[in-house]
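The values are calculated or read from the model by the stated rules, or taken from the named source; none is laboratory data. Computed from a predicted model, the values in this text were never measured in an experiment. Cβ atoms come from the backbone with ideal geometry, glycine included; neighbour counts cover every protein chain shown.
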Amino acid sequence: MSKRKIIKIDEKKCNGCGLCMPNCPEGALQIIDKKARLISDLFCDGLGACIGHCPQGAITIEEREAQAYSERKVMENVVKQGSNVIRAHLEHLGEHGETKYLQEAIDFLKENKIEVPQLKDTQKNLPCGCPGSKVVDFRKEKARESSSGARQVSELGQWPIQLRLVPAFAPYLQNADLLIAADCVPFSYANFHADFLKGRTLLVGCPKFDDLDAYQEKISQIIEHNNLKSITYVHMEVPCCFGLIDVIREAIENSGKKVPFKEVTISISGEKLG
């Protein structure tokens, strides 16, 4: 068991309408005693496809100790429901950048001699209702814009950027120079894009208001599953920002990998202190 994101159902709000169930191809939900129930942690990927289809607002996502999600167990449920459900599940994984699980699902289909469906363009179609967390890699597009010289171009090369929203298997994390920035830094340091962001993959968080344990878990997962070239942490001079330094160092140490790490401090007046 480890801590991860998983859905939570408020029984007081749930009226048992069942609208969430067709939108959970993984088979994690059932109506029992006139309430929607999460029947097994194994089947819930924590991505929240069911949330936007609950008219009562009874479903949310929490972070808690849970059994590890099993893509193979999920696929055993999914294939029983036919090709349309298989396609919906694969596209759901693709929209969230869960490339590892998507490959596991495709491998399962091939091993069982089940046709792999043609997937629609997940950049344009967002059936799960969560476009804010859809993984997008636009580094090539940015490079073309920058080479034109027509205007100043943002150096941001991917979306999302919030640390807790970025999947550990997002393709733009592989072989990346990772930049972790306290969320006040880009507002305080005028030349943030040119001096820090260019050529790096960005993660943003607030060490004061967010859960450092959750940050440590996510950073550990990212280091474990990706061959990072380096990690740079840019933070403000205020005391609360320094808490993430030890979190990053511990995550690197626990991984057993040799990932170069440096931290940079920015003053509240927007000057680089070192």
Scan the range 213-242 residue by residue and report those that are in contact with a helix residue (DSSP H, G or I) (Cβ under 7 Å, 6 or more places away or on another chain) and surrounded by fewer than 15 Cβ atoms within 10 Å (Cβ to Cβ). Glu224
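With Asp195, Asp210 as the choices, which residue is in a loop (DSSP other than H, G, I, E, B) and among the acidic types (Asp, Glu)? Steps first, answer last, please.
Values: Asp195 fails: in a loop (DSSP other than H, G, I, E, B).
Going through Asp195, Asp210 in turn, just one is in a loop (DSSP other than H, G, I, E, B) and among the acidic types (Asp, Glu): Asp210.
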Which numbered condition in (1) of a type outside the set (S, T, N, Q); (2) in contact with a helix residue (DSSP H, G or I) (Cβ under 9 Å, 6 or more places away or on another chain); (3) under 29 Å from Glu224 (Cβ atoms); (4) in the same structural domain as Ile7 (by TED's automatic domain parsing) is the only one that Leu119 fails? (4)
Working only within the range 34-66, note down all residues that are among the aliphatic types (A, V, I, L, M), surrounded by fewer than 19 Cβ atoms within 10 Å (Cβ to Cβ) and in a loop (DSSP other than H, G, I, E, B). Ile39
Flagged in the range 37-75 as acidic (Asp, Glu) and over 14 Å from Cys24 (Cα atoms), in numbering order, are Glu62, Glu63, Glu65
State all residues of the range 15-28 that are surrounded by fewer than 20 Cβ atoms within 10 Å (Cβ to Cβ) and either at pLDDT 85 or above or in a loop (DSSP other than H, G, I, E, B) (or both); if no residue qualifies, say none. Asn15, Gly16, Cys17, Gly18, Leu19
Looking at Ile31, Ile7 in this structure, which one is surrounded by 14 or more Cβ atoms within 10 Å (Cβ to Cβ), more than 22 Å from the chain's Cα centre (by Cα) and not in a loop (DSSP other than H, G, I, E, B)? Ile31
So Val264, is it among the β-branched types (Val, Ile, Thr), in contact with a strand residue (DSSP E or B) (Cβ under 6 Å, 6 or more places away or on another chain) and either closer than 30 Å to Ala68 by Cα or in a strand (DSSP E or B) (or both): yes
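Give the number of residues within the range 250-274 that are crowded, with 16+ Cβ neighbours inside 10 Å and closer than 22 Å to Arg4 by Cα. Spell out how you get there, then give the answer.
Filtering the range 250-274 down to residues crowded, with 16+ Cβ neighbours inside 10 Å leaves 251-252, 255, 259, 261, 263-266.
Filter again for closer than 22 Å to Arg4 by Cα, leaving 251-252, 255.
Total meeting the criteria: 3.
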List the pairs whose first member sits in the range 12-25 and is in contact (Cβ under 8 Å) with a residue 40 or more places away in the chain, whose second member is β-branched (Val, Ile, Thr), and whose Cβ atoms are under 6 Å apart, counting only residues at least 6 apart or on separate chains? Pro25/Val78; Pro25/Val85
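Conditions (1) in a loop (DSSP other than H, G, I, E, B); (2) over 22 Å from Glu63 (Cβ atoms); (3) hydrophobic (A, V, I, L, M, F, W, C), marked per residue:
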position	(1), (2), (3)
Asn175	yes, yes, no
Gly199	yes, yes, no
Glu217	no, no, no
Ser220	no, no, no
Cys240	no, no, yes
Leu244	no, no, yes
Ala251	no, no, yes
Ile268	yes, yes, yes
